[in-house]
Amino acid sequence: SWSIVLGLVFCVLFRKVAKSFTTGRPGKLQAMVEMVVGFVDDSVRGTFNGHPSKMVAPLALTIVAWVFLMNLMDLIPIDWLPLAGSAVGVEYLKSVPTTDVNITFAMSLSVFVLILYYSVKIKGFGGFLKELTFHPIAPSFKGAGIIAAPLVIAFNFVLEGVSLLAKPLSLSLRLFGNMYAGELIFILIALLGLYQLPLHFLWAGFHVLVITLQAFIFMMLTIIYLAQAHDTGH
C-alpha cells in the first residue's frame, strides 16, 4: 500500500533530520522540517492556549506530513504508476491513498477514538455524558420544568450525538471528496493522450494548493476537536 510506503518515507526523512540536527547552518531539508514543526507547534499551542497534551503536537505533525505526502501522489500523471504496476503483474494499482474513502475514514476513526478517550479522561464519564445531555439547552428541574426535562435531555442527546458523530465523517469525507474530484480531473485530462501534458501541468499547479490545504484542514480540525475534548468550560 502506498499509504504505508509514504508513512515510512515520512519517518525516515524526519528521523534523518533529527539525528543529523545542527544549530549551525542547517541544510535545506532540516530548514524545511524545522519550518513545518514550528508551524504545527504554534498551531497546537494557539488552539490549546499554550497548554496542549504532549501527544497532540506529534499527532498533528504526523497527520499533516503524512496526508500531504499521500496527496502529493496525485501530481504524478495518472497513468504512469498503473502502467508500471501492470508491467510487473499488478493489474489494479491506486497510487493516491487519500482518494480511497477507506483510508480517510480509518484516519478519522483513529482521531475519533482519541476524542472519546480524552473527553472521558479529562471530564470523567459523568462529565462527558452531562456535556451530551445538558447542552445546548439546560433542562430545568424546578417546578413545571421537571416535566419537560426528559424531553430536553433527549433532544440535547440527539443534537450533541449527531454533532459528535459528524466529526469523523467531516474529516474523512472532506479529504476524500476533494482528492477524488482532483483525481477525476486528472483522469479526464489523461484521456486526451499526447496532448495531456500542458493541461496536466496547468491543473497540477493549481492542485498543489488543494493538496496543501487539505492536509492543513485535516490537521487543524484534529487539533480543534481534541482541544474541545480537553475543554472543561461547559
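Of note:
- Residue tally, condition farther than 23 Å from THR104 by Cα and aliphatic (A, V, I, L, M), over region 180-199: 8
- The residues in region 76-101 that are among the small types (Gly, Ala, Ser) and surrounded by 14 or more Cβ atoms within 10 Å (Cβ to Cβ) can be counted, and the count is 2.
- Candidates are the residues of region 102-147 that are surrounded by 13 or more Cβ atoms within 10 Å (Cβ to Cβ) and more than 33 Å from the chain's Cα centre (by Cα); the one that is modelled with the lowest pLDDT is SER140.
- Set GLN196, GLN214: member being in contact (Cβ under 8 Å) with a residue 40 or more places away in the chain, buried (at least 16 other Cβ atoms within 10 Å of the Cβ) and over 28 Å from ILE103 (Cα atoms): GLN196
- Cβ-Cβ under 8 Å pairs, at least 6 apart or on other chains, region 75-93 side part of a helix (DSSP H, G or I), far side open to solvent by 90 Å² or more (accessible area, probe 1.4 Å) and of a type outside the set (Ser, Thr, Tyr): GLY85/GLU91
- So ILE63, is it buried (at least 19 other Cβ atoms within 10 Å of the Cβ), of a type in the set (A, V, I, L, M) and under 30 Å from LEU132 (Cβ atoms): yes
- Tally, over region 125-164, of residues that are in a loop (DSSP other than H, G, I, E, B) and under 19 Å from LEU226 (Cβ atoms): 1
- Test: residue in region 177-186 that is at pLDDT below 95, farther than 16 Å from ASN71 by Cβ, more than 16 Å from the chain's Cα centre (by Cα) and acidic (Asp, Glu): no
- Test result for GLY46, out of contact with any helix residue (DSSP H, G or I) (no Cβ under 8 Å at 6 or more places or on another chain), closer than 30 Å to ARG15 by Cα, surrounded by 15 or more Cβ atoms within 10 Å (Cβ to Cβ) and free of Cβ contacts under 8 Å to residues at least 24 places away in the same chain: no
- Among the residues here, SER170 qualifies as under 26 Å from MET220 (Cα atoms) and open to solvent by less than 70 Å² (accessible area, probe 1.4 Å).
- The residues of region 176-188 that are surrounded by 14 or more Cβ atoms within 10 Å (Cβ to Cβ) and without any contact (Cβ under 8 Å) to a residue 40 or more places away in the chain, listed by number, are GLY177, ASN178, ILE185.
The values are calculated or read from the model by the stated rules, or taken from the named source; none is laboratory data. Quick caveat, the model's predicted, so the values are computed rather than measured. Cβ: placed from backbone, ideal geometry, glycine included. Neighbour counts: every protein chain shown. Heads up: the accessible areas ignore ligands, DNA and RNA and are worked out on the full protein's heavy atoms, side chains in. Shrake-Rupley method; radii C 1.70, N 1.55, O 1.52, S 1.80 Å.
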